[in-house]
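Input: a single structure, listed below in structure tokens.
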Amino acid sequence: MDRCGTVFLCLCLLMSQSRTEDASLRWMKKMEMIAKSRSPPPSAELIHGLELSLLNASFRGHNLTLQTPTIQTLAFKLGCNFSGLSVNSAALEQVPQAQTQHAMQFPAELTRDACRTRSRELRLICIYFFSTRFFQKDINSSLLNNYILGAQLSHGHVRNLSEPVNISFWHNQSLEGYMVTCVFWKEGASKNHWGAWSPEGCHTEHPSASQVLCRCNHLTYFAVLMQLSPAPVPAELLAPLTYISLVGCSISIVASLLTLLLHLHARKHSDSITGIHMNLQASVLLLNVAFLLSPVLATSLVSGSACIALAATLHYALLSCLTWMAIEGFNLYLLLVRVYNIYIRRYVLKLCAVGWGVPAFLVLLLLAVKSSVYGIHGIPLSDSQGNSTGFQNVSICWVQSRWVHSVLVMGYAGLTSLFNLVVLVWALRVLRRLREQEKAPDPRACRDTVTVLGLTVLLGTTWTLAFFSFDIFLLPQLFLFTIFNSLYGFFLFLWFCSQRYRSEAKEKAEMETFSSSQTAQ
């Protein structure tokens, strides 16, 4: 009887195991059937159901492997003595559609937090999708190999790992013209779908031409996002451009602070023109500080909300700087074209409402509508052979949305530059006409040259270089744009000093004339 009871118990266990395995397999087949249907599948419920089925599955041994044509799942039994795990598709039975390899490597730290509260057996599940049907995909992007590799640990979420999870994607396609970024599926990040792809907490590496390595500090579903990139920056120029930006922005920050301090010291002699200059200088100071902090907060060690906040601040600073450039052009138009002496009640206060208020309204509106427009932005690079790749370690906190970048960065800058170029040409014609009427001697020509250069800087016409980043203009544009605009605050400081020197020289000349007239009397 004891032997019969043992056999019966074993049969019951085998049948129970078979039922749990069959339940997970049936769920996977059900997902495939729904994916083939025309009606949009309820993706979140299906995937969460599959996860629950695998987490509760009972099986002999230490692991379980199930697969269908487009889904492969693995389940592992883990203990608190876990020392790490590597899962490679080369060691598993290949799915017919999977023509390239993939791998996941989990650190020993994975079970640390779970073992602090629970000492019983843990379960690690891996789910591989070879189709993007259940995950939203941007129309302007694609996923490498259409692979999505996911992992989940029972008893809580795994995040903020000091030693990352390594996910490797091998491929046999050219990545030229694409910006490649490791992303994870962030639930609740989209209003139209059950989630969206996000690069937060992931670091992209390219160990070889046929491999993309994602190093992420959490567990979820991972993929490699391929986006059509603009003209990439040559990788060998990254170091000099970064150095120029760092030095130039640092000089501009010091110059801007010095300009504002000098203005505060002599604010008794300030007028509306000086007030406009100081607001422009303040916006340039904010822009340079935010720009220097942006690459620091784009690292995986900083929370995504901090990067979003800095990206919004950087966008706001840029819009404010461009707006104050346009205000400088508008003010110059009033002075030289309409009337020279003009009075508008609370003129500077109204300009401040425009210069600071309009950019704030636009940025806050974007944050309210869709905060995901801001985040980590990868900078596309190209190697010496011209192959374009995206390196997540070369990234900043910036605008992620293409239409926002097109409309509220390039479009905004384009309109500002066009307006100020028209004003500059008009101002030069007025100055030339005045010089012809006065028939000034040659020394005046030098002063006019300085004035023209000062107005060119003041109106921010060097920002038009951003629209020449193509073909043979790419390399000269990169260096000229970086040099001129990183030193923009310093150039404004020189303009402020020249104007102050001219004003003091004029006052001194008037005092000497007045003293001479008094002596003559």
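Scanning residues 5 or more positions from His206 or on other chains, those with amide H under 5 Å from its amide H are Leu213, with H placed 1.01 Å from N in the peptide plane.
The Lys350 and Ala239 beta-carbon pair, evaluated with R₀ = 41 Å, returns a calculated FRET efficiency of approximately 0.35.
Ordering 283-289, 25-31 by mean Cβ neighbour count within 10 Å, with the highest value first, yields 283-289, 25-31.
Only the coordinates and a few stated rules stand behind these numbers; no lab work does. Model, not experiment: these values are computed from the prediction. Note: ideal-geometry Cβ built from the backbone for every residue, glycine included; neighbour counts use all protein chains shown.
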